[in-house]
Amino acid sequence: MTNRFNIITIGILAVLTPLIYLPSTFDFTLHPRLLLIQSGLLICSIVGVIRNVSLQIPQTIFLPLLIWVAWTILSIFWATNAIEALIQINRLFTFAWLGFVVFTVTSSQTVRTLYQCIGIAGLLVSLIGIAQYLGWAFHTIPTVGNPSATFGYRNFAASYAVLLIPCAIGFFLTEKKTALRLFWVSTALCLTIFLIYTRTRGAWLGLIGASIFAAIIWLKTRTHFQRHNSVSIRWYSLVPIASLIIGLAFIPAQMQQTGKFTFDERKTDAITTITTAFSPSDARGRLVVWQHTLEMARDHWLLGVGLGSWQFVYPTYDNGDWITHNAAPQRPHNDWLWTLSETGTVGFACYVWLLIALGRTLWQQIKQHPNKPETLWMFGIITGLAALLGHSFFSFPRERPGIMFVFWLGVGVVATLGNTPSKPSRPIPLRIVYLMSLPLLLCGLTLTYSHLKFDEDYLNAQQAWRKQDWTSVKNHTQAALDVGMLNYRVLLLKGVAHHQLQELDEAINTFQKLHKYHPNEGHAALGNVYLDQKSYDKALQHFRIEHNLYPHSSIAIENLTEALLKWGAQHQVQNRVQEAQKAYLEAQILSPKDARVYNNLGSTYATQDNFPNAKSAYLKSLDLNPKYARVYHNLGDIYTAQKDTLQAIEAYRNFIQYWTGDPRYIKIAQQKITRLKP
C-alpha cells in the first residue's frame, strides 16, 4: 500500500509540475516547481522510512551517479560564490534523489502508469502551446517568448517536447488497448506540432539526431527483435500522420502575445527556420561564448571553476566580445560546456560515465529481453533523453525543474527496467537511506521557499526600477536581502537606488558588498558614485577594471575617459600637470573623437608654456566640435600670449557667439577684446 501511495504521489507530480507557475515571482516557473517536487519527494521519503524494506541497487547506473553528485557537491569548496553553488547543489540533489526514489518505488507494472501521467501533462502542454501559436487562447499566461505553453519560454517547452515524443511512440507501439493507443498517438502528434511551432532549432536537431541514432541501433539489433503481438502498427498508417504534421507546420503564427523575445525574420515559418539554421548570424554569439568557455575549461582543466561559478569567472575571458554594459550571460548556452567548465574533466568524465551506463543498460536489455514491451519503453525513454542531451548542446535545460523532472524520472525508470544484475549483491536497507535524505530535503525545501519569497521582492524591485521609483527599489531590495543574499543582482539594484537618491556612502557600501559575491560586476556603477563624491582616484580605479573586462565597450570607454578628464583636471589644479597630461593622452587613445579630451590636453600644454602643442590640441578639438566655446576662449589666450592680436580677438568673439553658460564669462571675454584693440 505504501509503495502504491508513492506511485500516486509521483504521478501527481508528473501532471502538476509542468503546469504550475507563480506570476508574482521573478522566475515564475523555476522555484514553484522545484518546491512542489521537493515536497513530493519529502512525502515519498517519509513513506520510505515507514516501509522499511531492502533492495538491491544496480551499481551500473547508481555508482557513477553517486560519484558524479559527490564530486559536484565537493566543488563548492573552490567555487567563487558559495551561495550560488549551494543553490545549484539543492537542484542537483533534488533530481538525483528523484531518480533514486523512482527506482525504489517503481516496477514494470507501474512504469506504464507513471508515463501515462506524463503523457497527460505533455498533451495538455502541447494543446496550450498550439492554442497560443494559433491565437485561440492562453495568451495571458506569462512568458518571455511564445508559444511557451506554461514553461515561460518556448525553448524550455521545446526541451520538454523532445523528451516526451520518443516516449509516446515507444508506449504507443506496445499498447494493446485502442483508447490508449489513440491517446499516445495524439500525444506524440500534438507534441510534434507544438515542437515545430516553437521554432527551436536546437531541439529539432537534438530530436532528429537522437532518432537517427536510435534507428541505427534498431537496425543493428533487429535480429534480436521478433514481432511482438502487441505491435500491430502498419507503416502505411504513418503517411496520413506525416501529411497532417506537414500541413499544420505551414500555418503562420497568429499569437496575441509574443513576449519579449519574438520570432525574428529567420523564423517566420518552418522552412525558413530550417534553411537559415546554419547561417553564421544565427549562432547569436554562442560560438564566441563557447570559445571563451573552452579557454576557461582549459585553464581549470582538472577541478573546474566550481559549481555555479561560470557566470562569475566568464567576464575575465570575454574581453567584451559578447558581454555588454547591460547584458551578460549567466551560462554558456551549452550544458556540456557548462558542466565541463564548472566541474573539470573529473566531473565531466563522471557525467559521461553515467550516460554511458544508461546506454549500456539499454543494450543489455535489448540483447537479453528483446521481446518484452519494457524494452521498447526503455528504447523510447533513452531516445528522449538523448534528444534532450543533443538539444543541451545549444541550450541550458539542466536548470529547469519541469524538464529535469522527466529526465531524472526516466533515469530511475531505466534503472528499474534494466535491473538484472549479473552478480547477486547484498540488499541495502532503504530506511537508513531515506532517513539520511530527510534533513537534506528539509534544508532544500527551506532554501527553495526562501528563494520563492526572495523572488517576489526582487520582481517588485525590478518593476519599480523600470518606473524609476528609487525609494521603492531600495525598500524592495532590502526586503529581498532580509530573506537572504540569494541573487547578487539585488545588490546591484540596491546600489543604483542609493546612488539615485544621493545616498552615496550607502551606495558605496552596497557595491563593495556586491564585489564579494561577484568580483567582476558593478565596477562602472561604483565608479560613477565615486565621481559624484569627487573621489576621482577611486573612480578611475573601478573604471579601469570595467574597461579591462570590456575593452570594446563604448560605455566602458566613455566612463574611463570621463574619469581621466576629471582626474586630470584635479591634478592640474594641484600643480601635478604631468600626471594630468598622461591622463589626457590616455583618454585621447580611448576616445580619439572626443573634443573635450583635446581641449584638456591643450590646457596642460598651455600650463607648461608649450604654446605650439597647445594650439595644435585646441584646433583638433575644434575640428571635432566647431561650436566648442570653451576651446575658443583657451585658444584666444594662446594667441594673446603669442601676441597674435587679430587671431586672439577672433577667438574671443567666437567664444561669445557660442557660449551659453554663465554670462560673466562673456563680460570677461569682452574685456579681453577691449584690451587687445589698439
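How much of the pair distance distribution for the stretch 547-621 lies past 20 Å, counting alpha-carbon pairs only, in percent? Walk me through the numbers before you get to the answer.
Values: 732 of 2775 pairs.
Roughly 26 percent, rounded to a whole number.
Sum -39500 (n - 2.57) across every DSSP H segment of at least 4 residues in the chain, then divide by the residue count to get the 222 nm mean residue ellipticity, nearest 500.
On the way: 29 runs with 479 residues, N = 678.
-23500 deg cm²/dmol, from helical runs alone.
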| remark: 1/(1 + (r/R0)^6) with r = Cβ-Cβ of residue 558 and residue 443, R0 = 56 Å, i.e. FRET efficiency to nearest 0.05, evaluates to 0.75
| query | How high is the relative contact order of the stretch 477-552, in percent, counting Cα pairs under 8 Å that sit 6 or more residues apart? | reply | 21
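Quick check: residue separation of residue 657 and residue 245 times 0.36 nm, minus the Cα distance between them. What number comes out in nm? The partial results should precede the final answer.
Working: separation 412, 0.36 × 412 = 148.32 nm, distance 7.22 nm.
Stretched fully, the residue 657-residue 245 segment lengthens by 141.1 nm.
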| message | Rounded to the nearest 20 debye, what is the charge dipole size of the stretch 291-438 about its Cα centre when +1 sits on each Lys and Arg Cβ and -1 on each Asp and Glu Cβ? | response | 860
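Considering all projection directions equally, how large on average is the shadow of the alpha-carbon convex hull of the stretch 441-585, in square nanometres? Show your work: numbers first, answer last.
Working: hull surface 39.4 nm².
Its Cα hull, projected and averaged over all orientations, spans 9.8 nm².
On average over all directions, what projected area in square nanometres does the stretch 326-477 have, based on the convex hull of its Cα atoms? Walk me through the intermediate numbers first.
Numbers: hull surface 53.2 nm².
Computing the convex hull of the Cα atoms and averaging its projections yields 13.3 nm².
Counting Lys +1, Arg +1, Asp -1, Glu -1, what net charge surrounds residue 580 among other residues with beta carbon under 15 Å of its beta carbon?
Working: positive: 566, 576, 582, 596; negative: 537, 562, 579, 586.
Taking every Cβ under 15 Å from that of residue 580, the sum is 0.
Could you size up the charge dipole of the chain around its Cα centre, putting +1 on the beta carbon of Lys and Arg and -1 on that of Asp and Glu, and report it in debye to the nearest 20? Present the calculation step by step, with values, prior to reporting the outcome.
Working: 57 positive and 38 negative charges, 294 e Å.
Using only the charged Cβ atoms, the result is roughly 1420 debye.
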| request: For residue 576 and residue 288, compute 0.36 nm times the residue count separating them, minus their Cα-Cα distance, and round to one decimal in nm. | output: 99.4 nm
| field | Mean Cβ count within 10 Å, highest first, over the residues of peptides 204-212, 297-305, 151-159 | value | 151-159, 204-212, 297-305
| message | Which trypsin sites (Lys or Arg not before Pro) in the stretch 435-467 sit in a loop by DSSP (not H, G, I, E or B) and have at most 10 other Cβ atoms within 10 Å of their own Cβ? | response | 467
| Which of 448, 463, 437, positive extreme of dipole for the stretch 410-472 (C-beta unit charges) | 437
| remark: Longest principal axis of the chain (C-alpha) makes with the long axis of helix 629-641 (C-alpha) an angle, in degrees to the nearest 10, of 40
| note | Once all protein chains are kept in place, residue 432 shows an accessible area at probe 1.4 Å, nearest 10 Å², of 100
| remark: Once the dipole of the stretch 567-670 is set up from charges on Cβ (+1 Lys and Arg, -1 Asp and Glu), the residue from the list 603, 587, 652 lying farthest towards its positive end is 652
| request: Could you pull out every one of the lysines with an alpha carbon less than 24 Å from that of residue 177, ignoring same-chain neighbours closer than 8 positions? | output: 372
| said: Taking R0 as 51 Å, what FRET efficiency do you get between residue 501 and residue 431 from their Cβ-Cβ distance, rounded to the nearest 0.05? | reply: 0.35
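Which semi-axis lengths, in whole Å and largest first, follow from the square roots of five times the eigenvalues of the Cα gyration tensor of the stretch 1-107? Could you put the intermediate results ahead of the total?
Details: eigenvalues 127, 98, 21 Å².
That gives 25, 22, 10 Å for the three semi-axes.
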| task | Quickly rank 482-493, 329-340 as a protection proxy: mean count of other C-beta atoms within 10 Å, highest first. | result | 329-340, 482-493
| request: Give, as ranges by residue number, the residues of the stretch 48-62 whose backbone N falls under 18 Å from the point 7 Å along Cα→Cβ of residue 5. | output: 48-54
| note | Here the relative contact order (percent) of the chain, from C-alpha pairs under 8 Å and at least 6 apart, is 17
| task | Compute the Cα gyration tensor for the stretch 521-678, then decide on rounded, prolate or oblate, letting a ≥ b ≥ c be the square roots of its eigenvalues: rounded whenever a/c is under 1.5, prolate when a/b is larger than b/c in the other cases, and oblate in all that remain. | result | prolate
| request: May I ask you to list the lysines whose Cα is less than 19 Å away from that of residue 672, ignoring any residue fewer than eight positions away on the same chain? | output: 615, 643
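R0 = 22 Å: FRET efficiency of residue 219 with residue 356, Cβ-based, nearest 0.05? Walk me through the intermediate numbers first.
On the way: r = 21 Å, r/R0 = 0.96.
Efficiency, rounded to the nearest 0.05: 0.55.
What's the extension gain from residue 624 to residue 49 if we count 0.36 nm per residue and subtract their Cα-Cα distance?
So the extension gain works out to 199.2 nm.
Using the per-residue mean of other Cβ atoms lying within 10 Å as a proxy for protection, in what order, highest first, do the peptides 647-659, 36-48 fall?
On the way: 647-659: 18.8, 36-48: 21.5.
Packing proxy ranking, top to bottom: 36-48, 647-659.
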| remark: Pairs over 30 Å Cα to Cα, from 516/582; 627/677; 582/667; 260/538; 566/627, come to 516/582; 582/667; 260/538
| task | Would you work out which of 479, 315, 115 lies farthest towards the positive end of the dipole of the chain, given +1 charges on the beta-carbon of Lys and Arg and -1 on that of Asp and Glu, about the Cα centre? | result | 115
| task | With only Lys, Arg, Asp and Glu charged, each at its Cβ (+1 for the first two, -1 for the last two), find how big the charge dipole of the stretch 384-467 is about the Cα centre; round to the nearest 20 debye. | result | 220
| What percent do you get for the relative contact order of the stretch 465-597 when only Cα pairs under 8 Å and 6+ apart count? | 13
| query | Taking residue 534 as the anchor, which aspartates and glutamates have their alpha carbon closer than 15 Å to its alpha carbon, excluding any fewer than eight residues away along the same chain? | reply | 503, 505, 562
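The values are calculated or read from the model by the stated rules, or taken from the named source; none is laboratory data. Because the structure is a prediction, the values reported are computed rather than measured. Here the Cβ is made from the backbone with ideal geometry for all residues, glycine too, and neighbour counts use every protein chain on show. These area figures cover heavy atoms from the full protein model, side chains too; ligands, DNA and RNA do not enter into them. Shrake-Rupley method; radii C 1.70, N 1.55, O 1.52, S 1.80 Å.
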